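Read through the structure below, which is laid out as structure tokens, and then see the notes.
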Amino acid sequence: MSKTKHHRDGEGAASADAGGTPEASHTVMSSAESDDDVAPRRVTRAGVVTAERARDADSDGGVAGASAAAVEGGADEAEAPRRKKLKAEVYEAELAKLALELHKLEDWVTYRKLRVVVLFEGRDAAGKGGAIKTITAALNPRVGRVVALGVPTEREKTQWYFQRYVAHLPAAGEMVFFDRSWYNRAGVEHVMGFCTELEYQEFLRSCPEFERMLIRSGILLFKYWFSVSEEEQERRFLARLDDPTKRWKLSPIDLASRTRWVDYSRAKDEMFAYTDIKQSPWFVVNADDKKRARLNMIRHFLAQIPYEEVPSPEIVLPPRQTEKREGYMRPPITEMNWIPEVY
């Protein structure tokens, strides 16, 4: 198997197009184009540094060229300064603006009967779930749906690998957000030995074909990798240990991931080498700062789908039916089981 070139911390380079305009990535490809990238390839697009390899104080949330160059040149990670914590009022104000845009996108998806799939992948405690909750909080749950599948059943283990995910793909006018997806096979299943080497190799070969098929069918597919440093992941794990309301997030698999950091890095690099294709590129999110990660990811996602504000009809509230006019009398409120008003 072709292996990717490993960097200082074991994380491969991400797509340099992460901040660009990827409309072409989601158009229907010709048969000649769809045959590209079947063989594994190295991810060598210049100018991109993942969160594991760079921290800087760039005020606009991007990666400063000087810091990127220093890390690419082998500078110590500790030399890259960390950004200041984003103020709560700034975060809330920006999030409110993005929420309005998400509403417009939601209306556009419904109006144009689009089918949108967004995959959220990354290490444990990278902030995928929080980002999904932030996005869907602004959406109609009938339009924006979250899929977070558990361990496959015995029957599902005998199915075609992608089969149980296909059942959750969107219909017209829907957006589906996968909190982990079919890429489980390239990550946890491969690293923890839950699949055979043959099954893993077949996934790497067939996944790009599967995604091209989805795109040719008209589905808009977006893949986000939330990149978190080893130090930040450790801090979040410790925070979960100290918080009883978050302890459920520490599964045995999560704990085992601490002892296999490099194995997961290698698996991620190999996954990118096979599946970071031009029709369906990976977009990497610097997730060491959760608030910045959410804002940056949402802003980027909104830029991927050209949308317009859909004119909505004026809503007029009709007159309310009155009890007196209808001859209705309420039963005494003392006959109802009211809960105690503790607060």
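A few comments on the model shown:
- The number of residues in region 295-319 that are in contact with a strand residue (DSSP E or B) (Cβ under 9 Å, 6 or more places away or on another chain) and part of a helix (DSSP H, G or I) comes to 5.
- All conditions but one from (1) out of contact with any Phe, Trp or Tyr (no Cβ under 7 Å at 6 or more places or on another chain); (2) under 15 Å from E121 (Cβ atoms); (3) of a type in the set (A, V, I, L, M) apply to I305; the one that does not is (2).
- One residue stands out in region 112-160 among those that are hydroxyl-bearing (S, T, Y) and without any contact (Cβ under 8 Å) to a residue 60 or more places away in the chain: the one that is surrounded by the most Cβ atoms within 10 Å (Cβ to Cβ), namely T136.
- Check on G150, closer than 23 Å to F210 by Cα and either of a type in the set (D, E) or modelled with pLDDT under 95 (or both): yes
- Wholly enclosed helices (runs of 4 or more DSSP H) of region 138-251 bearing at least 3 residues more than 25 Å from M271 (Cα to Cα) and not acidic (D, E): 230-242
- Taken residue by residue, region 322-342 has at least one member that is exposed (fewer than 10 other Cβ atoms within 10 Å of the Cβ) and touching a Phe, Trp or Tyr at 6+ places or on another chain (Cβ under 9 Å).
- Any chance R325 is in a helix (DSSP H, G or I) and at pLDDT below 95: yes
- Consider region 308-321 and keep the residues that are among the β-branched types (V, I, T) and surrounded by fewer than 10 Cβ atoms within 10 Å (Cβ to Cβ). The one that is farthest from K104 (Cα to Cα) is V316.
The values are calculated or read from the model by the stated rules, or taken from the named source; none is laboratory data. Nothing here was measured: the structure is a model prediction, and the numbers come from that model. Positions of Cβ are backbone-derived with ideal geometry, glycine not excepted, and every protein chain shown enters the neighbour counts.
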